[in-house]
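Every number in this text was worked out from the coordinates using simple rules, so none of it is lab data. As the structure is a prediction and not an experimental result, all values here were calculated from the model. Reconstructed Cβ throughout: ideal geometry from the backbone, glycine too, with neighbour counts over all protein chains shown.
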Amino acid sequence: MLTLYGSTTSPFVRRLRIWLANTEHEFVNLQIFEGPDRAKLAQENPTLKIPMIKQDGQVIYDSRVIFRFLNEQYQREQLSWQQENFLTLIDSANDSFVELLMLQRSGMDGDKDALFLRLQRERVDTILDHLNTLVEQGEFDQWHYPAICLYCLIDWVEFRQLHDLTGLDALKEFRTRHRDRIEVTSTDPRS
Ligand SMILES: N[C@@H](CCC(=O)N[C@@H](CS)C(=O)NCC(=O)O)C(=O)O
């Protein structure tokens, strides 16, 4: 039995929920920031981050490693080195957005010129521009794992109102193209 631990809002978790839409698994929604769920997570996964999976007593964490682990079992798709780079771009932007959101929630996002904030903003601007070009070039035309990850990033950025996507028309069109997929609507963080 495969169990995926996560939350309904995390873009890192959602990518796996979408990829596993037609694969039998159990989804466990955790409240990771406090209480018994956090203590439970700490016992199994000292990174204290989600997603995490458990299969036959084996625990795997980090979405990238989880994807490798599951893809090795199901032999579903082979990523090129270029697509590995696409995943790194998506993950890096996602990480920076998570940091920015945490800073905002901690009331520490006041000084717009602070080095930490400037570096994260520069990173997300640069990566989103680049991803927009890659979408224009057709690199995300298929609904493969990197495309699922891109969708989850863009949709989460919109959901959390973390970035103005004005001018990033290919990214906006990419999101519109996939928003009615059943596995997308059934994992919508808004519902
Ligand atoms: N590299 C990790 C990143 C996962 C991650 O950052 N997850 C967020 C939720 S979106 C989290 O658990 N954050 C908890 C924290 O930072 O304390 C992965 O790909 O799984």
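Identification of helices (runs of 4 or more DSSP H) wholly contained in the stretch 56-159 with 3 or more residues that are away from the ligand (no atom under 16 Å from the Cβ) and farther than 24 Å from residue 24 by Cα yields 115-136.
Might you let me know whether the stretch 15-30 holds any residue that is in contact with a strand residue (DSSP E or B) (Cβ under 8 Å, 6 or more places away or on another chain) and either in a helix (DSSP H, G or I) or within 9 Å of the ligand (Cβ to nearest atom) (or both)? Yes: one or more hits.
Among the residues of the stretch 54-91, those that are buried (at least 16 other Cβ atoms within 10 Å of the Cβ) and within 15 Å of the chain's Cα centre (by Cα) comprise 61, 62, 63, 66, 67, 86, 87, 89, 90, 91.
Condition test on residue 63, is it touching a Leu at 6+ places or on another chain (Cβ under 8 Å), small (Gly, Ala, Ser) and closer than 22 Å to residue 155 by Cα? Yes. The criterion of being part of a strand (DSSP E or B) and more than 9 Å from the ligand (Cβ to nearest atom) holds for residue 53. Looking across the stretch 120-139 at every residue that is over 21 Å from residue 158 (Cα atoms) and either small (Gly, Ala, Ser) or surrounded by 12 or more Cβ atoms within 10 Å (Cβ to Cβ) (or both), the one that is farthest from the chain's Cα centre (by Cα) is identified as 138.
Residues in the stretch 160-170 that are among the acidic types (Asp, Glu) and either touching a strand residue (DSSP E or B) at 6+ places or on another chain (Cβ under 8 Å) or assigned to a loop (DSSP other than H, G, I, E, B) (or both): 164 only.
Hey, can you tell me all the residues within the stretch 140-191 that are crowded, with 20+ Cβ neighbours inside 10 Å and among the acidic types (Asp, Glu)? 155 - this is the single residue of the stretch 140-191 that is crowded, with 20+ Cβ neighbours inside 10 Å and among the acidic types (Asp, Glu).
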